[in-house]
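*Asks:* This is the structure I have questions about; it appears just below.
The values are calculated or read from the model by the stated rules, or taken from the named source; none is laboratory data. Quick caveat: nothing in here was measured; it's all calculated off a predicted structure. We place every Cβ from the backbone using ideal geometry, glycine too, and count neighbours over all the protein chains shown.
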Amino acid sequence: MKKILFFSLSVLLFVSGLFAGGGTQQGTQKSIVLNLWTHDDPNRRILEEQFASEYMAANPHVTIHYSVFPSTTIQDNIATAYAAKNAPSIWNLELQRAFPIFMQGLCAPIPVRALGYANEKALIDSYLPNMLDPVTDKDGSWFGIKGGIYGLPLEVNNWSLYLNKKIFREAGLDPDRDWPRTWEQLMKVSERIVRRDGTIITRRGFDFRYPDYLISWIPMVEQLGGALISADGREAIVGEAAWLKALDFMKQWGPQGKNLGSSTMTAVRRIFDNNQDEIAMHLSGIYQHARMESVNPAF
């Protein structure tokens, strides 16, 4: 997976490798067992199982044990496995959940030569500029090990706003003209669409992917001129005014404000495809097309 275009409103999932040889002799090569843990995605799983089978066929001394876990529990399973000193050889997590494991020095650098690259620079150059910066320890100051690249992108998503045209029309909106271009417009459109039984929301216009801070929160702050960390990595929460404005927006969004949505409600990504008049808009990657086709072909 090389040069892949992505935008700032994206989430990267990274694979961290702990490649260790060992076992019995098989000809001139030692037998190797790799335990690969990944989060479940029916469409990607087909590809991963195919690649694992092809790799084992080309490398008979390698056995890959492929295990799939729900995306909501894999981070806990990996943390438990490390605590029990029984972590998988290769795993994937969202970067914000993987980084604490890197910082504890629990991961080995990517074996670039095993991937067919002459050196780390060759691997870095095979991706778009700066794409591997978040997982590259240039001087050994991050992860307690001398330098190295500690992960590779598994998914790079172009995040888009999906909308239900039927709900738009029912609210007196033209889905081809009235879709929101800014966060402020998103709030106004949601106010037109939302339905409530008293204070209880029965239909949302839009709602956030609340646990995924890198998808919505950080880009929102950056658009206002703030940042999570300064360029030199020495200061956290840069641009107080930007953060306060973004937090005020979320306050207005929630139950104590305009009451348009809440993190306590069912995650939007779980109900959008049902087309049961529960939500009009949500953020997702291009993979949503395949999910909609499998969950609700008519929609």
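*Asks:* Which of the numbered conditions does residue 94 fail, given that it passes all the others? Conditions: (1) farther than 30 Å from residue 271 by Cβ; (2) modelled with pLDDT under 90; (3) acidic (Asp, Glu).
*Replies:* Unmet for residue 94, out of (1) farther than 30 Å from residue 271 by Cβ; (2) modelled with pLDDT under 90; (3) acidic (Asp, Glu): (1).
*Asks:* Pairs needed: first member in the range 236-251, free of Cβ contacts under 8 Å to residues at least 60 places away in the same chain and of a type in the set (A, V, I, L, M); second member anywhere, surrounded by 16 or more Cβ atoms within 10 Å (Cβ to Cβ) and assigned to a helix (DSSP H, G or I); C-beta distance under 7 Å; at least 6 residues apart or different chains.
*Replies:* 237/243; 242/221; 246/217; 246/220; 246/221
*Asks:* Something else: Is it true that some residue in the range 282-299 is over 16 Å from residue 186 (Cα atoms) and of a type in the set (Ser, Thr, Tyr)?
*Replies:* If we filter the range 282-299 for residues that are over 16 Å from residue 186 (Cα atoms), which is where we start, we get 285-299.
Now narrow it down to the ones that are of a type in the set (Ser, Thr, Tyr): 287, 294.
For the range 282-299, residues over 16 Å from residue 186 (Cα atoms) and of a type in the set (Ser, Thr, Tyr): present.
*Asks:* Continuing with this model, one more query. For residue 233, all conditions in the list (1) surrounded by 17 or more Cβ atoms within 10 Å (Cβ to Cβ); (2) within 30 Å of residue 97 (Cβ to Cβ); (3) among the small types (Gly, Ala, Ser) hold save one; what is the number of the exception?
*Replies:* (1)
*Asks:* Can I ask one more? Give the residue that is nearest to the chain's Cα centre (by Cα), with candidates limited to residues of the range 143-183 that are assigned to a loop (DSSP other than H, G, I, E, B) and of a type in the set (A, V, I, L, M). Don't jump to the end; show me each part of the working.
*Replies:* Within the range 143-183, the first condition is being assigned to a loop (DSSP other than H, G, I, E, B), and the residues that meet it are 143-148, 150-151, 157-159, 164, 171-182.
From what's left, of a type in the set (A, V, I, L, M): 145, 171, 173.
On the way: 145: 26, 171: 32, 173: 32 Å.
In this case the residue turns out to be 145.
*Asks:* Please find, within the range 97-112, the residue that is nearest to residue 123 (Cα to Cα) out of those that are of a type in the set (Gly, Ala, Ser) and touching a strand residue (DSSP E or B) at 6+ places or on another chain (Cβ under 8 Å). Break it down stepwise before answering.
*Replies:* Within the range 97-112, the subset of a type in the set (Gly, Ala, Ser) is 98, 105, 108.
Next, only the ones that are touching a strand residue (DSSP E or B) at 6+ places or on another chain (Cβ under 8 Å) stay: 98, 108.
Values: 98: 20, 108: 16 Å.
Among them, the one singled out is 108.
Matching residues to (1) among the β-branched types (Val, Ile, Thr); (2) outside any loop (DSSP other than H, G, I, E, B):
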{"site": "33", "(1), (2)": "yes, yes"}
{"site": "43", "(1), (2)": "no, yes"}
{"site": "52", "(1), (2)": "no, yes"}
{"site": "55", "(1), (2)": "no, yes"}
{"site": "64", "(1), (2)": "yes, yes"}
{"site": "72", "(1), (2)": "yes, no"}
{"site": "76", "(1), (2)": "no, yes"}
{"site": "88", "(1), (2)": "no, no"}
{"site": "98", "(1), (2)": "no, yes"}
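*Asks:* Return a yes/no flag: does the range 86-94 have any residue that is over 17 Å from residue 38 (Cβ atoms), touching a residue at least 24 places away in the same chain (Cβ under 8 Å) and surrounded by fewer than 19 Cβ atoms within 10 Å (Cβ to Cβ).
*Replies:* There is no residue in the range 86-94 that is over 17 Å from residue 38 (Cβ atoms), touching a residue at least 24 places away in the same chain (Cβ under 8 Å) and surrounded by fewer than 19 Cβ atoms within 10 Å (Cβ to Cβ).
*Asks:* Further, regarding this structure: Filter the range 37-53 down to the residues that are exposed (fewer than 12 other Cβ atoms within 10 Å of the Cβ) and either farther than 28 Å from residue 293 by Cα or of a type in the set (A, V, I, L, M, F, W, C) (or both) and list them by number.
*Replies:* First, pick out the residues of the range 37-53 that are exposed (fewer than 12 other Cβ atoms within 10 Å of the Cβ): 42, 46-47, 50.
46, 47 - these are the residues of the range 37-53 that are exposed (fewer than 12 other Cβ atoms within 10 Å of the Cβ) and either farther than 28 Å from residue 293 by Cα or of a type in the set (A, V, I, L, M, F, W, C) (or both).
*Asks:* In addition: Please go through (1) in a helix (DSSP H, G or I); (2) in the same structural domain as residue 216 (by TED's automatic domain parsing) for residue 102 and return the number of the only condition it doesn't satisfy.
*Replies:* Answer for residue 102: the failing condition is (2).
*Asks:* Would it be correct to say that residue 273 is closer than 29 Å to residue 171 by Cα and modelled with pLDDT of 95 or more? Talk me through it step by step, then tell me what you get.
*Replies:* Working: closer than 29 Å to residue 171 by Cα: yes; modelled with pLDDT of 95 or more: no.
Criteria not met by residue 273.
*Asks:* Collect the residues in the range 57-66 that are surrounded by 14 or more Cβ atoms within 10 Å (Cβ to Cβ) and polar (S, T, N, Q), keeping them in residue-number order.
*Replies:* Residues of the range 57-66 surrounded by 14 or more Cβ atoms within 10 Å (Cβ to Cβ): 61-64, 66.
63, the sole residue that qualifies.
*Asks:* Got a number for residues in the range 1-59 being modelled with pLDDT of 65 or more and aromatic (Phe, Trp, Tyr)?
*Replies:* Counting residues in the range 1-59 that are modelled with pLDDT of 65 or more and aromatic (Phe, Trp, Tyr) gives 3.
*Asks:* Can you tell me which residue is surrounded by the fewest Cβ atoms within 10 Å (Cβ to Cβ) among those in the range 279-299 that are without any contact (Cβ under 8 Å) to a residue 40 or more places away in the chain and out of contact with any Asp or Glu (no Cβ under 6 Å at 6 or more places or on another chain)? Write out each step before concluding.
*Replies:* Let us first name the residues in the range 279-299 that are without any contact (Cβ under 8 Å) to a residue 40 or more places away in the chain, namely 289, 292-293, 295-299.
Then drop every residue that is not out of contact with any Asp or Glu (no Cβ under 6 Å at 6 or more places or on another chain), which leaves 289, 293, 297-299.
Values: 289: 12, 293: 12, 297: 7, 298: 5, 299: 13.
Applying the filter and picking the extreme gives 298.
*Asks:* State whether the residues of the range 96-112 include one that is in contact (Cβ under 8 Å) with a residue 60 or more places away in the chain, closer than 30 Å to residue 280 by Cβ and surrounded by 12 or more Cβ atoms within 10 Å (Cβ to Cβ).
*Replies:* Yes, the conditions are met somewhere in the range 96-112.
*Asks:* State yes or no: is residue 122 part of a helix (DSSP H, G or I) and either outside the structural domain of residue 205 (by TED's automatic domain parsing) or touching a residue at least 12 places away in the same chain (Cβ under 8 Å) (or both)? Before you say what the answer is, go through the steps one by one.
*Replies:* On the way: part of a helix (DSSP H, G or I): yes; either outside the structural domain of residue 205 (by TED's automatic domain parsing) or touching a residue at least 12 places away in the same chain (Cβ under 8 Å) (or both): yes.
When the stated conditions are applied, residue 122 passes them.
*Asks:* Output the helices (runs of 4 or more DSSP H) that fall wholly within the range 184-295 and possess 2 or more residues being among the β-branched types (Val, Ile, Thr) and within 21 Å of the chain's Cα centre (by Cα), or say none. Give the derivation first.
*Replies:* Details: elements: 217-223, 240-253, 268-271, 288-295.
Qualifying helices (runs of 4 or more DSSP H): 217-223, 268-271.
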